[in-house]
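Input: a single structure, listed below in structure tokens.
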Amino acid sequence: MDKIAVTGGVPLTGRIPVSGSKNACLPLMTAALLTDQTLTLTNVPDLADIGTLSTLLRSLGATTEHDAAGGRLDLRVARLSSPLAHYDIVRKMRASVLVLGPMLARDGAGTVSLPGGCAIGARPVDLHLKGLEAMGATLDLRDGYVHATVPRSVNGGRLRGVSYRFPFVSVGATENLLMAATLAKGTTRLVNAAREPEIADLAACLSAMGARIEGAGTSTIEIEGVDALSGAEHAVIADRIEMGSFMIAPAITGGDVVVEGGRLDLVSALAEALDAAGVSVEPVEGGLRVRRGGAGLNPVSLVTEPFPGYATDLQAQMMALMTLADGTSTITEQIFENRFMHVPELTRMGARIDVNGNTATVTGVPSLRGAPVMATDLRASISLILAGLAAQGETVVSRVYHLDRGYERIEQKLRACGARIERIRADD
Ligand code: UD1
């Protein structure tokens with residue numbers, strides 16, 4: 001397995017481009033299941049998860065054409081040849097469950113393995129399933145699979161529009177039901193829906209395909225079902241998590257970087273936290289300029305929340321930054337249980353962090369030391385890279401396949417700003 005070696009101590013300066021969003025692209029890809037015409041996505045990031053979902057879609061009957069270098073992906077599902085999302089693929093990536101709503105909407109049947117993904121807590125899919133049931137699907141959980149059908153007694157096998165209130169905010173469940181509702185009979189009202197920018201991006205693509213959607217990006221979304229959707233071309237929104245991670249890179253190294261494609265509206269909670277820490281974030285032509293001069297970092301306390309609150313996917317990175325603050329910060333994780341797996345690894349680098357339930361208390365230290373550490377999930381991995389950029393000496397991060405799921409050309413992008421970072425190939 002590949003490793004990444006980082007020698008810290010260089011303040012990053014220069015420009016880092018932001019890629020298309022992985023979390024937006026995955027649901028957009030599953031939207032191809034809703035039509036027999038071609039869906040073309042551009043600004044597609046070149047990441048392992050995109051390949052995994054393409055494999056899954058091909059197993060369901062899709063033809064895919066991927067120009068990875070050009071960031072273009074053509075998907076066409078002339079017909080759903082096999083509505084079965086197999087465990088071997090689904091276990092690699094939790095977002096695979098997003099094929100269920102579209103399959104049910106298109107053909108009234110779908111079977112999906114219960115998902116895997118990052119090891120950050122139990123992460124059930126009960127909301128996805130309850131919502132689809134409310135729309136008329138019958139579910140049978142057997143042998144680790146969800147077998148879903150829409151009985152002929154329900155609109156001749158077609159999902160029905162409903163008013164559905166999510167008991168709490170779920171990004172994935174909102175996306176699944178939004179897609180299912182586009183082809184349902186009647187109007188669907190999703191209440192307490194997720195407001196993440198990826199939802200609005202998905203709705204924009206579905207609307208280009210002919211769906212009738214109002215309110216995406218707010219907590220109530222209304223969808224009037226149509227009989228069929230067509231193909232479309234859609235550019236994937238910028239990756240706000242990659243953007244935020246790159247904003248923390250100059251903050252932690254005391255550098256000065258323009259994050260190209262950076263947009264304040266996508267990372268406002270992070271920008272506020274950086275401002276409180278004493279890091280300057282300024283919109284400039286084409287992006288966001290982030291810099292920290294010689295001054296120290298103020299401690300900042302934060303709580304993760306659904307958008308527009310502070311993103312859980314940027315929690316580990318902020319913790320890495322706070323390990324070097326002049327004082328004590330608290331970080332409370334409200335979205336996922338068990339999302340502090342980076343803590344023991346940061347501690348190996350000299351950080352002082354105490355975890356009590358879902359709150360970590362971080363007492364700043366003057367410096368971190370490089371160490372061998374292990375990536376445990378996608379966002380933990382980047383926090384270790386960020387810590388390594390600031391640490392004295394060499395940090396070797398193992399299990400970087402987690403990182404490769406979410407960060408495109410990470411070494412090249414950071415190296416272009418002066419980082420001393422190398423990939424050690426498993427076969428070297
Ligand atoms: C998405 C993102 C992930 C991000 C998360 C929260 C993708 C591919 N992934 O994940 O990077 O960290 O949003 O911003 O977009 N839950 C249930 N039952 C459900 C669904 C969710 O209990 O049916 C719980 C989850 O365990 C979690 C919380 O709800 O505690 C939020 O999860 P959700 O918003 O659904 O996250 P994902 O869509 O999986």
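Compute the helix-to-body angle for 171-182: its Cα long axis versus the longest principal axis of the chain, expressed 0 to 90° and rounded to tens.
Approximately 30 degrees, to the nearest ten.
Please give every one of the lysines within straight-line cross-link reach of K413, meaning a C-alpha to C-alpha distance under 22 Å, and leave out same-chain neighbours fewer than 8 residues apart.
K3, K22
Percent of Cα-Cα pairs per 20 Å bin, from 0 to the last occupied bin, for the chain, please list those.
27, 55, 18, 0
For D2 and N338, what is the calculated FRET efficiency with R₀ set at 22 Å and r taken between the beta-carbons, to the nearest 0.05?
FRET efficiency, D2 to N338: 0.30.
Give me the one-decimal nm value for the distance between modelled label points at N192 and A208, 7 Å along each residue's Cα-to-Cβ direction.
Those two pseudo-labels are separated by 3.3 nm.
Peptides 68-78, 184-194: what's the order by average Cβ count within 10 Å, highest mean first?
On the way: 68-78: 17.0, 184-194: 19.7.
So the peptides 68-78, 184-194, ranked by packing, come out 184-194, 68-78.
As an exercise, take the mean of 1/r over every pair of distinct alpha carbons in the stretch 22-235, invert it, and state the Kirkwood radius in angstroms. Spell out each step's value before the answer.
Working: mean 1/r = 0.0601 Å⁻¹.
In the stretch 22-235 this quantity evaluates to 16.6 Å.
Before rounding to the nearest 500, sum -39500 (n - 2.57) across all DSSP H runs of length at least 4 in the chain and divide by the residue total; then give [θ] at 222 nm in deg cm²/dmol. Walk me through the numbers on the way to the answer.
Working: 14 runs with 129 residues, N = 428.
Helix-only estimate at 222 nm: -8500 deg cm²/dmol.
How much net charge surrounds V150 when only other residues with a Cβ under 11 Å from its Cβ are counted (Lys, Arg +1; Asp, Glu -1)?
Details: positive: R106, R152, R158, R160, K185; negative: D107, E133.
My count for the surroundings of V150 gives +3.
With axes computed from alpha carbons, what is the tilt in degrees of helix 48-60 against the longest principal axis of the chain, rounded to the nearest 10 within 0 to 90?
10
Taking Cα atoms, how many degrees apart are the long axis of helix 240-253 and the longest axis of the chain, rounded to 10 and kept between 0 and 90?
0
If R₀ is 30 angstrom, what is the calculated FRET efficiency for the pair I424 and T13, using the beta carbon separation as r and rounding to 0.05? Spell out each step's value before the answer.
Numbers: r = 25 Å, r/R0 = 0.84.
Here the calculated transfer efficiency is 0.75.
In debye, nearest 20, what is the charge dipole magnitude of the chain about its Cα centre with +1 on Lys and Arg Cβ and -1 on Asp and Glu Cβ, if you could check? It would help to have the intermediate numbers written out before the result.
Details: 40 positive and 46 negative charges, 101 e Å.
Once rounded to the nearest 20, the dipole reads 480 debye.
All of the numbers you see were taken from the coordinates with simple rules; none came from a lab. Here the structure is a predicted model, which means the values were calculated and not measured. Don't worry about glycine lacking a Cβ; one is built from the backbone with ideal geometry, like all the others, and counts go over all protein chains shown.
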